[in-house]
Amino acid sequence: MHRLTALMLATSLALLFHNFGFSAEIHGGANVVKDKEQISPDSEDLGNDSIALEPLEIRMLGENKQPVDLLTVLRLASAGNLEIAEAKTQILEAEGNKMAAIGQLLPFISLFFGYGHTEGRVQGSFGDFMDVDFNTINPGVIAGYFINPGETLFNNLASQRIVDSSRAKEAVITQDILLRVFEQYYNLLEAQAKVKVSEDSVSSSASLLRVAEALEKEGLGPGADVVRARTKLEEDKQTLIESQNEFRRASADLAFTLVLNPSITLIPNDEKLTLITIIDPRIDLSKLMSIAILQNPGIRVASETVKASDAERSAVWLNALGPDLILQAELGGIGDEFDNIQHNENYQALLGFTLTGSSYGDIKAARARAQRAIILEEKEKERIKTTVVKAYDDVLSAKEMITPAKAAVNSAEDTLRLSQVRFKNGIGLAIEVIQAEDALSEARLNYIRAIVDYNKSQARLANAIGDISLDTITGKI
């Protein structure tokens, strides 16, 4: 009789577990991690690691949603970002200043027309007083050329260097924006994957609670298991809300960078969160540092600034010590009526030097600016080399994390299955299943983070060497 009762209870438990979906397959572990093949940390082929991204049903920021992918957001950033637009206006301003500097090489022309009326007593050139009443009409044109040749030449050179520096600054800003969008998009993918993990946890906790309540009702489980399961379910619901909020915040951050309406919820089109490789892993650190020194636009900015400061210093010297040349020709006429205007001409040439009390101070300040530009260039080189080293190490570290993170997911899935079997057969407790559930959720989140960190570290390394662009990224994806 006791054996028959035990058999009936075991059958009832099996049906409960089947109906509540309390198994490894229904739990969703196999759906999140598709490929269980172990990959060596030294392997260059990490492309098999991926995480399925399933559609989300969450409260949106506004009424509309917009599907996006990585290439689309990168193109949008290149075309419409406000920081890039501001950098382009700085180039236009520098080009305008350059045109103004070139204009100093050209003579000026001034057209004038003068009319005057004099009436009453005046004093003549020799002291005689007399009463007069006359008009003075004086039309004419003046062509002049005022220049310090050396100063003007070096001011033109400096203005060209500033244009080149502004273009390099635009490249720096563009690459930084592409990196920011890349990272924000992967933040969005990470948040989407976290929501799915949280949803699975809620589903599993709800199943655990139903089973615990059924066991308690049958007298086979303690009431403490029901309390623990209910507490776990409420905690997982809170985590799900936080995950959904994190997704919406990631969407708003990306929309802000793309100059889109932040109330539109951006939904990634990706079906998987997959590892990508932007930088050829066969390139060693010393080669990457050499590439960075040659092509990072930040160094071009510093280099052009040095050249501009040196040209400005020469211009200040020549302003103080160089000759000033003044050429002027005036062609006009004078008379008291329009039909009585007589022709006159006036020519003038002057070559001289002008020294002011501020000349020494101007020269000293210009020399200091040139020296400071050289120091800043060296600082920028050292900063970029350090950035490359850190980014390179981040890539290696992120790569090393992938295999143990994936193995942890596999181990956590096995542990959960074992805990479920023990609980099913009455030799385990609900707390064991809860702990296994928590361990699996944490392992999944770590695996998600490992893939995202690897991809983002690749992009940061590309940015550090000055090689992040639509072409380099789209060619790798």
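Note on the range 229-367: Rg/Rh from C-alpha atoms, Kirkwood Rh, equals 1.41.
Extension gain for Thr472 to Asp131 (0.36 nm times residue separation, less C-alpha to C-alpha distance): 114.0 nm.
Counting only protein chain heavy atoms and rolling a 1.4 Å probe, the accessible areas of His117, His343 rank, largest first, as His343, His117.
Percent of Cα pairs in the range 305-456 per distance bin of 5 Å, from zero to the largest separation: 2, 8, 8, 7, 6, 6, 5, 5, 5, 5, 5, 5, 4, 4, 4, 4, 4, 3, 3, 2, 2, 2, 1, 1, 0, 0.
Size descriptors for the range 56-95, from the alpha-carbon set: Rg then Dmax equal 15.9, 51 Å. Quantify how much of the Cα-Cα distance distribution of the range 167-306 extends past 28 Å, in percent. For the range 167-306, the share of Cα pairs beyond 28 Å comes to 50 percent.
Once every DSSP H run of n ≥ 4 in the chain is given -39500 (n - 2.57) and the sum is divided by its residues, what mean residue ellipticity at 222 nm do you get, rounded to the nearest 500 deg cm²/dmol? Estimated from H runs of four or more residues: -22500 deg cm²/dmol.
Kyte-Doolittle mean at least 0.0 and Cα extent at least 30 Å along the axis: which DSSP H helices of the chain qualify? The answer, listed by residue number, is 82-103, 297-321. Rolling a 1.4 Å probe over the heavy atoms of the protein chains gives the chain an accessible area of 54 Å² per residue. Computed over all pairs of different Cα atoms, the Kirkwood value for the hydrodynamic radius of the range 173-241 is 14.3 Å.
Kindly give the semi-axes, whole Å and largest first, of the ellipsoid equivalent to the range 90-131, taking each as the square root of 5 times a Cα gyration tensor eigenvalue. It would help to have the intermediate numbers written out before the result.
Numbers: eigenvalues 500, 29, 18 Å².
In descending order, the three semi-axes are 50, 12, 9 Å.
Looking at this model, which pairs from Lys217/Lys237; Lys232/Lys272; Lys194/Lys406; Lys65/Lys196; Lys196/Lys406 are more than 22 angstrom apart at the alpha-carbon? Flagged as over cut-off: Lys217/Lys237; Lys232/Lys272. Normalised Debye scattering of the range 65-135 at q = 0.12, 0.25, 0.29 Å⁻¹ gives log10 I(q)/I(0) of -0.69, -1.09, -1.18, counting only Cα atoms as equal scatterers and leaving out solvent. Treating each Cα of the range 299-356 as one equal point scatterer and applying the Debye formula with no solvent, the log10 of I(q)/I(0) at q = 0.14 Å⁻¹ comes out as -0.65. Counting only the Cα atoms, the range 269-323 fills a convex hull of 126 Å³ per residue.
Shape annotation for the chain: C-alpha extents along the principal axes are 150, 53, 37 Å, from largest to smallest.
With bins 10 Å wide beginning at 0, the percent of Cα pairs of the range 102-202 falling in each bin runs 11, 14, 13, 13, 12, 10, 9, 7, 5, 3, 2, 0.
The values are calculated or read from the model by the stated rules, or taken from the named source; none is laboratory data. Owing to the predicted nature of the structure, the values given are computational and were not obtained by experimental measurement. Ligands, DNA and RNA are excluded from the accessible area calculation, which covers all protein heavy atoms including side chains. Shrake-Rupley method; radii C 1.70, N 1.55, O 1.52, S 1.80 Å.
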